[in-house]
Amino acid sequence: MRKLLIILMTMLAVAAHAQRQQISYVETTKYWYYVYDEAGKKIGGLSRSSLGELKGWGSDFLVAKYYSYYRIYDAKGKVLKAMNVSDVGEIVGVSANTITSRKGSWIFIWDKKGKKISAKPAN
């Protein structure tokens, strides 16, 4: 019984790790964005025409501008959130688990789910 419990816990840990694929690098080609994990393994390929203009990536998400929206994607290309460019401003950086944007004389910090974390005046 104990061995079965250990095996089950190990399988759950492996499955949880597989769901949280970490993005290490995104290769840009003429038609595709190829996403790689920390081991250099290709997680997937995303079409530039459907993703839009890549603005950056964090540990487990990508941000792209698609017409008048910024879309936040998971590592496999699923849209997690769409945010209107007029609300967000211009994205100036993406790192770890945050997105930084500037709108007028304000700097905004967003989380990877598109929730505004903070705002401060730009110098």
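All of the numbers you see were taken from the coordinates with simple rules; none came from a lab. All figures in this text were calculated on a predicted structure; none of them were measured in a lab. When we count neighbours, we look across all protein chains shown, and the Cβ atoms used for this are built from the backbone with ideal geometry, even at glycine.
Backbone amide hydrogens, once placed in the peptide plane, bring Ile107 within less than 5 Å of Lys120, Ala122, excluding anything fewer than 5 places away on its chain. If you wrap the Cα atoms of segment 32-95 in a convex hull and average its projected area over all directions, you get 4.1 nm². On full extension, the segment bounded by Glu38 and Lys115 gains 25.1 nm, given 0.36 nm per residue less the C-alpha separation.
Computed over segment 71-123, the percent of Cα pairs more than 17 Å apart is 31. A DSSP coil position with no more than 16 other Cβ atoms inside 10 Å describes the following chymotrypsin sites (Phe, Trp or Tyr not before Pro) in segment 25-120: Tyr31, Tyr67. Extending each Cα 7 Å along its Cβ direction at Thr98 and Tyr67, get the distance between those two points in nm, one decimal. Spacing of the two 7 Å Cα→Cβ label points: 3.2 nm. With contacts taken as Cα pairs under 8 Å at a separation of at least 6 residues, segment 34-123 carries a relative contact order of 18 percent. Taking Lys and Arg as +1 and Asp and Glu as -1, the other residues whose beta-carbon sits under 14 Å from that of Lys120 total +3.
Whole-Hz Karplus values for segment 57-71 come out as 8, x, 5, 8, 8, 10, 10, 9, 9, 10, 6, 9, 10, 9, 10 Hz, taken residue by residue from phi with 6.51 cos²θ - 1.76 cosθ + 1.60 and θ = phi - 60°; glycine and proline positions read x. For segment 73-87, putting each phi into the Karplus relation 6.51 cos²θ - 1.76 cosθ + 1.60 with θ = phi - 60° gives couplings of 10, 7, 4, 8, x, 7, 6, 9, 6, 10, 10, 5, 4, 5, 7 Hz, in residue order, rounded to whole numbers and with x for Gly and Pro.
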